[in-house]
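For reference, the structure is listed below as C-alpha coordinates.
The values are calculated or read from the model by the stated rules, or taken from the named source; none is laboratory data. Everything quoted here is computed from the prediction, not taken from an experiment. Heads up, the Cβs are rebuilt from the backbone with ideal geometry, glycines too, and the neighbour counts pull from every protein chain shown. SASA here: full protein model, heavy atoms, side chains in, ligands and nucleic acids out. Shrake-Rupley method; radii C 1.70, N 1.55, O 1.52, S 1.80 Å.
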Amino acid sequence: MGSWGLGLRREFLAEFAARSTDIQLDFVEIAPENWFGFAGPAAQELERVLANKTLFCHGLSLSIAGPQPLNWDFLGQLRRFLCDHNAAAYSEHLSYCQDPQGYLHDLLPIPFHEESLRWTVARIQQVQDFLGQPLILENTAYYGSFPESSMSELEFLLAVLDESGCELLLDLNNLFVNGHNHDYSSEAFLAALPAERIRYFHVAGHFQHPAGWLIDTHDSGVAPAVRALLRQAWHRFGPRPTLLEWDNDIPPLDTLLEELEGLRRGCDN
Ligand SMILES: [Fe+2]
(Lines give C-alpha, C1' and ligand atoms only; values in the text may rest on other atoms or scores of the structure.)
Protein backbone atom coordinates (compact mmCIF):
# COMPACT_ATOMS: atom_id res chain seq x y z
CA MET A 1 0.00 0.00 0.00
CA GLY A 2 1.15 3.48 -0.73
CA SER A 3 -0.45 6.76 -1.61
CA TRP A 4 -0.73 8.15 -5.12
CA GLY A 5 -0.98 11.69 -6.39
CA LEU A 6 -1.21 13.95 -9.42
CA GLY A 7 -0.06 17.47 -10.07
CA LEU A 8 -3.26 19.53 -9.96
CA ARG A 9 -3.12 21.41 -13.24
CA ARG A 10 -5.40 24.34 -14.02
CA GLU A 11 -6.22 22.57 -17.30
CA PHE A 12 -8.38 20.02 -15.50
CA LEU A 13 -9.05 21.73 -12.17
CA ALA A 14 -12.79 22.26 -12.84
CA GLU A 15 -13.29 18.63 -13.92
CA PHE A 16 -11.23 17.41 -10.99
CA ALA A 17 -13.27 19.47 -8.52
CA ALA A 18 -16.55 18.19 -9.97
CA ARG A 19 -15.42 14.53 -9.79
CA SER A 20 -13.18 14.81 -6.73
CA THR A 21 -15.06 12.41 -4.47
CA ASP A 22 -15.00 9.66 -7.17
CA ILE A 23 -11.36 9.97 -8.23
CA GLN A 24 -9.13 7.25 -6.81
CA LEU A 25 -6.31 9.44 -5.70
CA ASP A 26 -4.81 10.21 -2.30
CA PHE A 27 -3.10 13.55 -2.78
CA VAL A 28 -2.63 16.43 -5.17
CA GLU A 29 0.39 18.65 -5.62
CA ILE A 30 0.40 22.36 -6.46
CA ALA A 31 2.99 25.11 -6.72
CA PRO A 32 1.94 27.23 -3.72
CA GLU A 33 3.27 30.52 -5.11
CA ASN A 34 0.86 30.21 -8.05
CA TRP A 35 -1.99 30.38 -5.55
CA PHE A 36 -0.93 33.19 -3.20
CA GLY A 37 -3.83 35.62 -2.82
CA PHE A 38 -5.90 33.70 -5.34
CA ALA A 39 -9.68 34.12 -5.21
CA GLY A 40 -12.69 33.44 -7.40
CA PRO A 41 -13.97 30.22 -9.01
CA ALA A 42 -10.55 28.54 -9.31
CA ALA A 43 -9.85 29.07 -5.60
CA GLN A 44 -13.28 27.61 -4.78
CA GLU A 45 -12.53 24.59 -7.00
CA LEU A 46 -9.22 24.10 -5.20
CA GLU A 47 -11.05 24.16 -1.85
CA ARG A 48 -13.52 21.55 -3.14
CA VAL A 49 -10.63 19.28 -4.16
CA LEU A 50 -8.89 19.75 -0.81
CA ALA A 51 -12.06 18.76 1.06
CA ASN A 52 -11.19 15.10 0.33
CA LYS A 53 -7.62 15.05 -0.98
CA THR A 54 -4.37 15.66 0.89
CA LEU A 55 -2.36 18.68 -0.27
CA PHE A 56 1.33 18.48 -1.10
CA CYS A 57 2.99 21.78 -2.03
CA HIS A 58 5.89 21.74 -4.50
CA GLY A 59 7.50 25.13 -4.92
CA LEU A 60 9.45 26.66 -7.78
CA SER A 61 10.73 29.99 -6.41
CA LEU A 62 12.82 29.30 -3.31
CA SER A 63 16.20 29.26 -5.11
CA ILE A 64 17.67 27.49 -2.11
CA ALA A 65 21.12 27.03 -3.64
CA GLY A 66 21.19 30.37 -5.43
CA PRO A 67 23.41 33.41 -4.97
CA GLN A 68 20.65 35.89 -4.08
CA PRO A 69 19.55 36.54 -0.48
CA LEU A 70 16.58 34.46 0.64
CA ASN A 71 13.30 36.24 -0.06
CA TRP A 72 11.73 36.60 3.40
CA ASP A 73 8.55 38.26 2.10
CA PHE A 74 8.00 35.23 -0.09
CA LEU A 75 8.76 32.88 2.79
CA GLY A 76 6.27 34.69 5.01
CA GLN A 77 3.54 34.29 2.38
CA LEU A 78 4.54 30.66 1.96
CA ARG A 79 4.36 29.91 5.67
CA ARG A 80 0.86 31.40 5.87
CA PHE A 81 -0.27 29.47 2.79
CA LEU A 82 1.02 26.11 4.11
CA CYS A 83 -0.74 26.72 7.42
CA ASP A 84 -4.01 28.06 5.95
CA HIS A 85 -4.30 25.08 3.57
CA ASN A 86 -3.09 22.43 6.00
CA ALA A 87 -0.38 21.26 3.58
CA ALA A 88 0.99 17.80 4.42
CA ALA A 89 4.31 18.48 2.70
CA TYR A 90 6.34 21.32 1.22
CA SER A 91 9.06 20.40 -1.25
CA GLU A 92 11.46 22.36 -3.43
CA HIS A 93 14.42 21.77 -5.75
CA LEU A 94 18.11 21.41 -5.02
CA SER A 95 18.95 24.10 -7.56
CA TYR A 96 18.49 27.84 -8.06
CA CYS A 97 16.17 30.05 -10.06
CA GLN A 98 17.14 33.65 -9.28
CA ASP A 99 20.03 35.97 -10.18
CA PRO A 100 20.55 39.74 -9.64
CA GLN A 101 18.12 40.47 -12.52
CA GLY A 102 15.30 38.52 -10.85
CA TYR A 103 13.54 35.19 -11.21
CA LEU A 104 14.72 33.12 -14.17
CA HIS A 105 11.74 30.74 -14.44
CA ASP A 106 14.03 27.76 -14.71
CA LEU A 107 15.69 25.33 -12.30
CA LEU A 108 19.41 25.75 -12.80
CA PRO A 109 22.22 23.43 -11.74
CA ILE A 110 24.83 24.20 -9.12
CA PRO A 111 28.47 23.19 -8.78
CA PHE A 112 29.12 20.29 -6.44
CA HIS A 113 31.87 21.50 -4.11
CA GLU A 114 32.48 22.46 -0.47
CA GLU A 115 31.65 26.14 -0.90
CA SER A 116 28.26 25.51 -2.50
CA LEU A 117 27.59 22.78 0.08
CA ARG A 118 28.26 25.16 3.01
CA TRP A 119 26.19 27.92 1.37
CA THR A 120 23.23 25.65 0.58
CA VAL A 121 23.18 23.87 3.96
CA ALA A 122 23.15 27.19 5.84
CA ARG A 123 20.22 28.44 3.75
CA ILE A 124 18.29 25.20 4.18
CA GLN A 125 18.69 25.50 7.94
CA GLN A 126 17.43 29.11 7.89
CA VAL A 127 14.35 28.11 5.91
CA GLN A 128 13.68 25.09 8.11
CA ASP A 129 13.92 27.23 11.24
CA PHE A 130 11.52 29.77 9.71
CA LEU A 131 8.97 27.20 8.51
CA GLY A 132 9.33 24.99 11.58
CA GLN A 133 9.63 21.82 9.49
CA PRO A 134 12.26 19.98 7.44
CA LEU A 135 12.59 21.10 3.84
CA ILE A 136 12.03 18.35 1.29
CA LEU A 137 14.41 18.82 -1.64
CA GLU A 138 14.21 17.21 -5.06
CA ASN A 139 17.12 15.92 -7.14
CA THR A 140 16.78 17.94 -10.36
CA ALA A 141 17.71 17.11 -13.95
CA TYR A 142 20.81 18.92 -15.26
CA TYR A 143 22.52 18.86 -18.62
CA GLY A 144 25.97 20.29 -18.06
CA SER A 145 28.60 20.06 -15.37
CA PHE A 146 30.90 22.58 -13.74
CA PRO A 147 34.66 22.07 -14.14
CA GLU A 148 35.13 23.34 -10.56
CA SER A 149 32.96 20.57 -9.07
CA SER A 150 34.98 18.43 -6.69
CA MET A 151 32.21 16.06 -5.59
CA SER A 152 29.86 13.77 -7.48
CA GLU A 153 26.14 14.52 -7.54
CA LEU A 154 25.59 11.65 -5.11
CA GLU A 155 28.31 12.82 -2.68
CA PHE A 156 26.86 16.33 -2.74
CA LEU A 157 23.29 15.14 -2.17
CA LEU A 158 24.27 12.83 0.70
CA ALA A 159 26.23 15.66 2.35
CA VAL A 160 23.26 18.05 2.01
CA LEU A 161 20.92 15.49 3.58
CA ASP A 162 23.37 14.68 6.36
CA GLU A 163 24.40 18.22 7.28
CA SER A 164 21.11 20.09 6.88
CA GLY A 165 18.64 17.53 8.20
CA CYS A 166 16.43 18.05 5.16
CA GLU A 167 14.48 15.26 3.46
CA LEU A 168 14.53 14.00 -0.11
CA LEU A 169 11.90 14.11 -2.80
CA LEU A 170 13.40 11.45 -5.04
CA ASP A 171 12.44 12.09 -8.66
CA LEU A 172 13.08 8.76 -10.37
CA ASN A 173 12.79 10.22 -13.86
CA ASN A 174 15.41 12.85 -13.02
CA LEU A 175 17.60 10.12 -11.55
CA PHE A 176 17.29 8.02 -14.72
CA VAL A 177 17.83 11.00 -17.04
CA ASN A 178 20.89 12.18 -15.08
CA GLY A 179 22.34 8.68 -14.90
CA HIS A 180 22.04 8.36 -18.69
CA ASN A 181 23.33 11.86 -19.50
CA HIS A 182 26.19 11.86 -16.99
CA ASP A 183 27.13 8.23 -17.35
CA TYR A 184 26.47 6.85 -13.89
CA SER A 185 24.36 3.96 -12.63
CA SER A 186 20.93 5.09 -11.45
CA GLU A 187 20.56 1.78 -9.60
CA ALA A 188 23.81 2.29 -7.66
CA PHE A 189 22.79 5.89 -6.86
CA LEU A 190 19.44 4.62 -5.58
CA ALA A 191 21.08 1.94 -3.45
CA ALA A 192 23.28 4.54 -1.71
CA LEU A 193 20.38 6.71 -0.50
CA PRO A 194 19.25 6.68 3.15
CA ALA A 195 15.74 5.16 3.23
CA GLU A 196 14.66 7.11 6.29
CA ARG A 197 15.22 10.45 4.55
CA ILE A 198 13.12 9.75 1.46
CA ARG A 199 9.78 11.49 1.90
CA TYR A 200 8.15 10.87 -1.48
CA PHE A 201 8.71 10.00 -5.13
CA HIS A 202 8.11 11.77 -8.43
CA VAL A 203 7.85 10.04 -11.78
CA ALA A 204 7.40 11.64 -15.21
CA GLY A 205 8.02 11.15 -18.91
CA HIS A 206 11.16 12.18 -20.78
CA PHE A 207 12.26 12.70 -24.37
CA GLN A 208 15.23 11.10 -26.13
CA HIS A 209 17.04 13.71 -28.20
CA PRO A 210 18.39 12.38 -31.53
CA ALA A 211 21.90 13.19 -30.26
CA GLY A 212 21.36 10.71 -27.44
CA TRP A 213 20.59 13.00 -24.53
CA LEU A 214 17.52 12.41 -22.41
CA ILE A 215 15.49 15.53 -21.63
CA ASP A 216 13.15 15.79 -18.62
CA THR A 217 10.10 17.00 -20.53
CA HIS A 218 7.07 15.84 -18.46
CA ASP A 219 5.12 15.49 -21.71
CA SER A 220 4.44 11.76 -21.95
CA GLY A 221 3.85 8.60 -19.98
CA VAL A 222 6.52 7.12 -17.73
CA ALA A 223 9.20 5.17 -19.62
CA PRO A 224 9.60 1.44 -18.85
CA ALA A 225 13.09 2.00 -17.40
CA VAL A 226 11.73 4.65 -14.99
CA ARG A 227 8.85 2.34 -14.00
CA ALA A 228 11.46 -0.31 -13.22
CA LEU A 229 13.40 2.20 -11.11
CA LEU A 230 10.21 3.10 -9.24
CA ARG A 231 9.58 -0.59 -8.50
CA GLN A 232 13.15 -0.95 -7.25
CA ALA A 233 12.70 2.09 -5.01
CA TRP A 234 9.45 0.71 -3.59
CA HIS A 235 11.01 -2.66 -2.88
CA ARG A 236 14.15 -1.17 -1.41
CA PHE A 237 12.71 1.68 0.68
CA GLY A 238 9.12 0.59 1.13
CA PRO A 239 6.02 2.37 -0.16
CA ARG A 240 6.17 6.15 -0.29
CA PRO A 241 3.71 8.68 -1.64
CA THR A 242 4.24 8.67 -5.40
CA LEU A 243 3.27 11.47 -7.76
CA LEU A 244 2.94 11.49 -11.54
CA GLU A 245 4.12 14.76 -13.12
CA TRP A 246 2.66 15.51 -16.57
CA ASP A 247 2.98 19.22 -17.30
CA ASN A 248 3.14 19.54 -21.10
CA ASP A 249 0.92 18.05 -23.83
CA ILE A 250 -1.41 17.17 -20.98
CA PRO A 251 -3.88 14.40 -21.89
CA PRO A 252 -7.43 14.05 -20.53
CA LEU A 253 -7.73 13.49 -16.80
CA ASP A 254 -8.87 9.88 -17.32
CA THR A 255 -5.64 9.12 -19.22
CA LEU A 256 -3.61 10.46 -16.30
CA LEU A 257 -5.59 8.33 -13.87
CA GLU A 258 -5.04 5.23 -16.07
CA GLU A 259 -1.30 5.94 -16.17
CA LEU A 260 -1.28 6.23 -12.40
CA GLU A 261 -3.23 2.98 -12.05
CA GLY A 262 -0.62 1.23 -14.22
CA LEU A 263 2.15 2.55 -11.97
CA ARG A 264 0.26 1.39 -8.89
CA ARG A 265 -0.19 -2.12 -10.31
CA GLY A 266 3.50 -2.27 -11.21
CA CYS A 267 4.52 -1.44 -7.63
CA ASP A 268 2.02 -3.80 -6.03
CA ASN A 269 3.33 -6.79 -8.01
FE1 LIG B 1 9.95 16.12 -10.14
Percent relative contact order of region 4-268, based on C-alpha pairs within less than 8 angstrom and at least six residues apart? 16 percent
Principal semi-axes in Å for region 1-50 [√(5λ), Cα gyration tensor, largest first]: 19, 13, 8
For a quick protection proxy, order the peptides 137-145, 34-42 by their average other-Cβ count within 10 Å, most packed first. 137-145, 34-42
For labels at LEU75 and ALA14 in the simple 7 Å Cα→Cβ model, what's the distance in nm? 3.9 nm
Roughly what % antiparallel, to the nearest 5, for the DSSP beta bridges in region 4-268? 15 percent
Return the FRET efficiency for the residue pair ALA88, ASP183: r is the Cβ-Cβ distance, R0 is 35 Å, and the value is rounded to the nearest 0.05. 0.45
Tell me, what is the Rg over Rh of region 4-268, with Rh the Kirkwood radius over Cα pairs? 0.94
To the nearest 0.05, the calculated FRET efficiency linking ARG236 and ASN52 through their beta-carbon distance, R0 being 25 Å, is 0.20
Protein-only accessible surface order, largest first, of ARG9, ARG236 at 1.4 Å: ARG236, ARG9
Potential lengthening between GLU196 and PHE38 on full extension [0.36 nm per residue; Cα-Cα distance subtracted]: 53.3 nm
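Over all alpha-carbon pairs in region 32-178, figure out the percentage whose distance exceeds 22 Å.
41 percent
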Length gained, GLN24-ASP247, 0.36 nm per residue minus C-alpha separation, equals 78.3 nm
Hydropathy first: keep DSSP H helices in the chain averaging at least -1.0 on Kyte-Doolittle, then drop any whose Cα extent along the axis falls short of 20 Å, and list what survives. 114-131, 253-268
For all pairs of alpha-carbon atoms in region 157-269, what percent lies in each bin of width 10 Å, listed from the first bin to the last filled one? 13, 45, 33, 9, 0
Using 0.36 nm times the number of residues separating PHE207 and GLU261, minus their current alpha carbon distance, what extension gain do you get? 17.2 nm
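Please give the charge dipole size of the chain, origin at the Cα centre, charges +1 on K and R Cβ atoms and -1 on D and E Cβ atoms. Round to the nearest 20 debye. Write down the numbers at each step before the final one.
Numbers: 17 positive and 37 negative charges, 115 e Å.
It works out to roughly 560 debye.
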